[in-house]
1. Figure the gain on full extension for R67 and W10 (residue separation times 0.36 nm, minus the Cα-Cα span) and round it to one decimal in nm.
2. Kindly state, to the nearest 0.05, the FRET efficiency for A47 paired with A18, given R0 = 25 Å and r defined as their beta-carbon distance.
3. Subtracting the Cα-Cα distance from 0.36 nm times the residue separation, let me have the gained length for A39 to R2 in nm, one decimal.
4. Report the residue, chosen from R26, R67, R37, that carries the largest GNM mean-square fluctuation when the chain is represented by alpha-carbon nodes joined by springs under 10 Å.
5. Which one of V65, V36, V49 has the biggest mean-square fluctuation once the chain is modelled by GNM with Cα springs under 10 Å?
6. Would you kindly calculate the translational diffusion coefficient of the chain, applying Stokes-Einstein with the Kirkwood radius from alpha carbon pairs, for 25 °C and a viscosity of 0.890 mPa s, and quote it in µm² s⁻¹ without decimals?
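Nothing in this text is a laboratory measurement; each read-out follows from the coordinates by a stated rule. Predicted, not measured: the structure shown is a model, and the values here were computed from it. No Cβ is skipped: glycine too gets one built from the backbone with ideal geometry, and neighbour counts run over all protein chains shown.
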Amino acid sequence: MRELLNRLRWDADEDAAAIEIDFVARGDAGERLEAVRFAAIVEILPAGVTLSGASFIPYHRIRCVRRGHEALWRAREKRGGDES
């Protein structure tokens, strides 16, 4: 994940403005899936990313990195009862 995000940030051929990240957000109402523009990432760290506004998203909560409808990376789906 970190390698992909760094490549998107530094590769001149990538259109980072078109990239969105879907992640699990947690709050008082429980968990929900949210999307954020790649441009909102201010820091790519070993354990996750920091967004503008100082929100931290750990990598394990990122579900998908996409350009429009094209998934560049998608988290593996967990199977019921399979913790591997």
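1. Values: separation 57, 0.36 × 57 = 20.52 nm, distance 1.61 nm.
Extending this stretch completely gives an extra 18.9 nm.
2. Values: r = 26 Å, r/R0 = 1.04.
Between A47 and A18 the formula returns 0.45.
3. Going from the current span to full extension adds 11.8 nm.
4. Result for the chain, Cα springs under 10 Å: R26 fluctuates most.
5. V36
6. Working: Rh = 13.6 Å.
Answer, rounded: 180 µm²/s.
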